[in-house]
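The values are calculated or read from the model by the stated rules, or taken from the named source; none is laboratory data. Everything quoted here is computed from the prediction, not taken from an experiment. Glycine gets a Cβ as well: all are built from the backbone with ideal geometry, and neighbour counts include every protein chain shown. Keep in mind that these areas ignore ligands, DNA and RNA; they rest on the heavy atoms of the full protein, side chains included. Shrake-Rupley method; radii C 1.70, N 1.55, O 1.52, S 1.80 Å.
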Amino acid sequence: MRELDEVERVGVVGAGTMGNGIAQVAAAAGYDVVMRDIETEFVEKGLDAIDDSLSRFVRKEEMTEAEKADALDRIAGTTDLADLGDCDLVVEAAVEKMDIKRDIFADLDEVTDEDVVLATNTSTLSITTIAAATERPDLVVGLHFMNPVPVMKGVEVVTGEHTSDGATELAHGFSEALGKETWESDDKPGFVTNRILMPWINEGVRAFDEGVAAKEDIDRGMTLGTNVPMGPLELADHIGLDICLDASETLHEELGDRYKPAYLLRRKVDAGDLGKKTGRGFYEYE
Ligand code: 3HC
């Protein structure tokens, strides 16, 4: 297995919110990064988001302009998965669809060296099922970053049925090299975080829909009352209502009715109100 101290070049599949965040923190930690998405436009948007995010650290004097420029220089964008062929570690952060992830992992299995660990940022899908698309299920591990990646301190390491101790240790070590702290979960639906977070969000949506309180009061109640940074409705908007619905549907399918997505969550997604990214979710955004 390619060990952590041999990792110099990191491949990231997906240049969306999570992918560009992972590429950013890896580059800022000194790794060379190849970030791949299916369209040049997505890659460019990802690079712009990284530029914006790094600028925030420069404004706060937590990073110099030169460090920002170095980090950006270390990131190469591509639309060709074969460009990840010389990476020493790959983190996949594509859409949360099992068929797509399995296709990507089958392709990564072909293009990368056979001793390279392949990690997935999946939030709820089975690591074991993704790993089974490869000839190296022992080297497939979950590396679940939190949004926004450059700010959130935690990473969830998830072990599939065949994940080796070596790959698990590498996942912890790599996260720590990025300045993160980790915890570990078995490959059970939603792992630790989303198994507990998604019912909390859905209950917030139901409480609003059933008229328990105004949305602002639900969010204030939970932030002031339990000392979390965001209440369930603002957090849902932050994550993306479509992502919350997808995760809730997977949990519902796997764990039964106690995970049924809230009616209003589905209706908002059907209406195209996906939260901050579309300018409207439970709240409105500039
Ligand atoms: N890049 C760089 N810096 C960023 C940033 C980004 N993308 N987003 C926010 N920041 C920085 C800001 O510059 C600011 O820095 P400062 O405090 O030093 O000035 C700080 O983060 C706080 O940002 P804001 O002042 O804009 O706003 P808030 O104080 O409301 O913080 C937040 C925003 C960090 C998102 C905070 O509200 C928070 O922690 N919310 C909870 C987020 C959370 O729970 N995420 C996990 C979701 S679950 C998940 O991701 C799993 C998935 O599978 C669903």
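Could you tell me how many of the residues in the range 21-42 are assigned to a helix (DSSP H, G or I), open to solvent by 10 Å² or more (accessible area, probe 1.4 Å) and closer than 17 Å to Asp83 by Cα?
So the answer is 2.
Could you pull out the residue among Ala171, Ala94, Ala133 that is in a loop (DSSP other than H, G, I, E, B), in contact with a strand residue (DSSP E or B) (Cβ under 6 Å, 6 or more places away or on another chain) and aliphatic (A, V, I, L, M)?
After applying the criteria, what remains is Ala94.
The conditions are (1) within 15 Å of the ligand (Cβ to nearest atom); (2) surrounded by 18 or more Cβ atoms within 10 Å (Cβ to Cβ), and Ile218 fails exactly one of them. Which is it?
In the conditions (1) within 15 Å of the ligand (Cβ to nearest atom); (2) surrounded by 18 or more Cβ atoms within 10 Å (Cβ to Cβ), Ile218 misses (1) alone.
Among the residues of the range 43-59, are any more than 21 Å from the chain's Cα centre (by Cα), of a type in the set (Val, Ile, Thr) and either away from the ligand (no atom under 16 Å from the Cβ) or modelled with pLDDT of 95 or more (or both)?
There is at least one residue in the range 43-59 that is more than 21 Å from the chain's Cα centre (by Cα), of a type in the set (Val, Ile, Thr) and either away from the ligand (no atom under 16 Å from the Cβ) or modelled with pLDDT of 95 or more (or both).
Would you point out which residue out of Leu245, Leu235, Leu265 is over 19 Å from the mean Cα position of the chain (by Cα), surrounded by 17 or more Cβ atoms within 10 Å (Cβ to Cβ), within 14 Å of the ligand (Cβ to nearest atom) and not basic (Lys, Arg)? Outline the logic, then answer.
Details: Leu245 fails: over 19 Å from the mean Cα position of the chain (by Cα); Leu235 fails: over 19 Å from the mean Cα position of the chain (by Cα).
Being over 19 Å from the mean Cα position of the chain (by Cα), surrounded by 17 or more Cβ atoms within 10 Å (Cβ to Cβ), within 14 Å of the ligand (Cβ to nearest atom) and not basic (Lys, Arg) holds for just one of Leu245, Leu235, Leu265, which is Leu265.
Can you go through Glu67, Glu8 and tell me which one is closer than 24 Å to Gly154 by Cβ and more than 15 Å from the chain's Cα centre (by Cα)?
Unique residue meeting the criteria: Glu67.
With respect to the numbered conditions (1) surrounded by 19 or more Cβ atoms within 10 Å (Cβ to Cβ); (2) in a helix (DSSP H, G or I), which one is the sole condition not fulfilled by Gly77?
(2)
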